1. Can you confirm whether segment 52-72 contains a residue that is at pLDDT below 95, among the charged types (D, E, K, R) and farther than 19 Å from Met206 by Cβ?
2. Name the single residue, out of those in segment 150-179 being touching a Leu at 6+ places or on another chain (Cβ under 6 Å) and among the hydroxyl-bearing types (Ser, Thr, Tyr), that is modelled with the lowest pLDDT.
3. Determine if segment 14-30 includes at least one residue that is within 20 Å of the chain's Cα centre (by Cα) and either closer than 30 Å to Phe202 by Cα or at pLDDT 60 or above (or both).
4. Can you say whether Val142 is modelled with pLDDT of 95 or more and hydrophobic (A, V, I, L, M, F, W, C), as far as the supplied structure shows?
5. Can you find a residue in segment 34-42 that is at pLDDT 85 or above, closer than 19 Å to Tyr154 by Cα and not basic (Lys, Arg)?
6. For segment 79-92, what are the residues that are touching a strand residue (DSSP E or B) at 6+ places or on another chain (Cβ under 8 Å) and part of a helix (DSSP H, G or I)?
7. Would you check which residues across segment 137-150 are under 13 Å from the mean Cα position of the chain (by Cα) and small (Gly, Ala, Ser) and list them?
8. What single numbered condition from (1) modelled with pLDDT of 90 or more; (2) small (Gly, Ala, Ser); (3) touching a helix residue (DSSP H, G or I) at 6+ places or on another chain (Cβ under 8 Å) fails to hold for Ala147?
Amino acid sequence: MSEQSSREKVLKKIRQALESSVPLPFDGHAKNETIFNNSTEDETVVFAENFSKLQGKFAFCTSLTDLKHQIKRLIDERGWNKIYCADSAILNILEGIFVPFQSLKDSNVSITGCEYLIARTGSIVLSSAQPNGRTSSVYSPVHICIAYNRQLVYDIKDALGFIVERYGDNLPSIITLASGPSRTADIEKTLVTGVHGPGEVFCFLMEDSPI
């Protein structure tokens, strides 16, 4: 058989296959089903465990007073004096705790809010629509995220669904997940943190939102 006839034979089979409908390997409703079942544990506990496994540092705050106390104690212990925060709501609730540093580029800490927290993966969902934008959470050596119980969901599907519901046709240009400090094993196959982003990530979860 010549090369030309072999090629024509293959093309004929492809055309025939395309003309015939191919049954999907999954039930039509499967796409709407949740792949991961919700944990029977409290979502706060699940998030704290998974976030900590990824080298994140988690703190639960029972009130605004408790949040301010824990943030101040951390700042004092570390001696941070270049704390960047562009979120006016966060600056209002932490008023008097620190003097905002104006340069993100030269800061040693950035404080942001988040869109959501994902319990199953211990991830922080951030977007370009936030007052701080996406850059604030990755530029400084230390990232502090302040979140509230109402922002805690079990899976990424839930977070994305709420984001679509919230923003509608004006979805943020960037939606990203931060799962603990940045890390890479590209350097001699040794895990190194803080290469492409913060070397430390803190999450302060407050029981009730004061806003």
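The values are calculated or read from the model by the stated rules, or taken from the named source; none is laboratory data. No experiment lies behind these values; they were computed from the predicted model shown. Positions of Cβ are backbone-derived with ideal geometry, glycine not excepted, and every protein chain shown enters the neighbour counts.
1. Yes, that holds for at least one residue.
2. Of everything passing the filter in segment 150-179, Ser179 is modelled with the lowest pLDDT.
3. Kept after step one, since they are within 20 Å of the chain's Cα centre (by Cα), are these residues of segment 14-30: none.
Within segment 14-30, none of the residues are within 20 Å of the chain's Cα centre (by Cα) and either closer than 30 Å to Phe202 by Cα or at pLDDT 60 or above (or both).
4. Working: modelled with pLDDT of 95 or more: no; hydrophobic (A, V, I, L, M, F, W, C): yes.
Against the criterion (modelled with pLDDT of 95 or more and hydrophobic (A, V, I, L, M, F, W, C)), Val142 does not qualify.
5. Step one: list which residues in segment 34-42 are at pLDDT 85 or above, which gives 42.
Checking which are closer than 19 Å to Tyr154 by Cα leaves us with 42.
If we keep only those that are not basic (Lys, Arg) too, we end up with 42.
Yes, that holds for at least one residue.
6. Ile90, the sole residue that qualifies.
7. Initial filter on segment 137-150 (under 13 Å from the mean Cα position of the chain (by Cα)): 137-138, 143-147.
Within segment 137-150, Ser137, Ala147 qualify.
8. The one condition Ala147 does not meet is (3).
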